[in-house]
Amino acid sequence: MATRESMDKLIQQCEDAIRFAHDQYEEGRLQAHYNDEGYTNALQSLENAYNDLAKMALSANAQQREQLHRMRLQLQQLQNQMIILPHD
């Protein structure tokens with residue numbers, strides 16, 4: 001079972017990645033990707049968080065895996081939105 005502290009830290013990391021990526025997504029949507037480096041960094045932070053979730057799920061109990069699954073879906077949804085955003 002994953003410790004509560006490690007779960008809390010990972011969830012916080014994911015939420016931070018989501019906030020950063022969402023900000024970059026909005027900026028990219030409004031400014032036609034003038035800040036491609038920040039956008040790329042946001043996508044990378046989402047990918048890193050996703051990979052960390054997958055690792056944590058290996059040692060999580062059923063309730064923790066459910067929480068990680070919900071967070072994984074949020075990460076994937078934002079990743080997909082960012083990937084399909086047109087680059088002008």
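Just so you know, all these numbers are worked out from the coordinates, no wet-lab data involved. From a predicted model like this one, the values you see are computed outputs, not experimental measurements. Here Cβ is always computed from backbone atoms with ideal geometry, including for glycine, and neighbour counts include all displayed protein chains.
Things worth noting here:
- Among residues that are touching a residue at least 12 places away in the same chain (Cβ under 8 Å), among the polar types (S, T, N, Q) and part of a helix (DSSP H, G or I), Asn51 is not included.
- All positions within region 16-35 that are out of contact with any helix residue (DSSP H, G or I) (no Cβ under 7 Å at 6 or more places or on another chain) and touching a residue at least 40 places away in the same chain (Cβ under 8 Å): Arg29, Ala32
- Count of region 47-60 residues which are crowded, with 19+ Cβ neighbours inside 10 Å and closer than 17 Å to Glu15 by Cβ: 3
- Selection within region 1-39 - among the polar types (S, T, N, Q) and surrounded by 13 or more Cβ atoms within 10 Å (Cβ to Cβ): Ser6, Gln13, Gln24, Asn35
- The residues listed here are Gln44, Gln77, Gln63, Gln81; of these, the one that is touching a residue at least 40 places away in the same chain (Cβ under 8 Å), part of a helix (DSSP H, G or I) and surrounded by fewer than 17 Cβ atoms within 10 Å (Cβ to Cβ) is Gln81.
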